[in-house]
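Beneath this line is the structure, given in structure tokens, with notes to follow.
The values are calculated or read from the model by the stated rules, or taken from the named source; none is laboratory data. The model shown is predicted, which means the values in this text are computed figures rather than measured ones. Note that we place each Cβ from the backbone using ideal geometry, even for glycine, and neighbour counts take in every protein chain shown. Surface accessibility is based on the protein's heavy atoms, side chains included, excluding ligands, DNA and RNA. Shrake-Rupley method; radii C 1.70, N 1.55, O 1.52, S 1.80 Å.
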Amino acid sequence: MFTKKIMTAAAVAISAISFASTASSATVTTFFSTFLTGTDVGNSSLATLVAEDVAGGVEMTLTNTGTAAGVSSFDTQLFLAYAAPNDSSVGLTHISGVQTKNFVTNAGNITNAGYSWQMLVEWGTSNNNNGAARLEIGESSKFLLTGATTARLFGNSGSNPYAMIHIQGVGDNANLSSKYGPGDNGGGGITPVPLPASLPLLLGALGLGGFALKRRQRSA
């Protein structure tokens, strides 16, 4: 009877952690500091992408931090890998900051810089380009990828980077551009995904069960 109570408590804790795993959110921060192609401006972080699981999808904020690329440089494209066959069902809703110009999903057929991508977010190359302003240094663009998850966006993409930015006006030269991917662990890359908040419940339940079992054995 006593052993059955312990097993029941553990089962409840396991159920709780399973539920929390599906409901909990993850936040991923990416620093773009790895040169891929174009004009190499060193390994400084040229942009920061913060992605968070929220109700309805993944909320993203891309911030242009690329002073090393020149004061007149601006970000025009964000390429994303997506580890799922249904990327075409993902949509984009602008939230705040610099307005996005275009969003493309194409089931892995977007080839750029020698890599294959599933999604492409674009910003204007001119302040008069369909009303979309440039994403210039110090500016951010916040948007929601509806139907997406961070697990699929930042999961295993093999030798393909999970994201890449296209920077134009490098060195204040309108004809020069660069493409950068995520930095390694030393330069940022993916932050650790937080453990579900209910993990302590499982550990606590198992710990209490073990303590109670020892106490029962001593009194026997």
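Name the single residue, out of those in the range 23-35 being over 10 Å from P182 (Cα atoms) and of a type outside the set (V, I, T), that is least open to solvent (accessible area, probe 1.4 Å).
Per the stated criteria, the residue is A26.
Could you pull out every one of the strands (runs of 3 or more DSSP E) wholly within the range 131-202 that has 3 or more residues that are modelled with pLDDT of 90 or more and farther than 19 Å from V104 by Cα? Let's see the steps before the verdict.
On the way: elements: 140-146, 163-168, 177-182.
In the range 131-202, the matching strands (runs of 3 or more DSSP E) lie at 177-182.
Residue under question is A20, and the condition is that it be aliphatic (A, V, I, L, M), farther than 24 Å from G114 by Cβ, at pLDDT below 50 and under 23 Å from the mean Cα position of the chain (by Cα); does it hold?
yes
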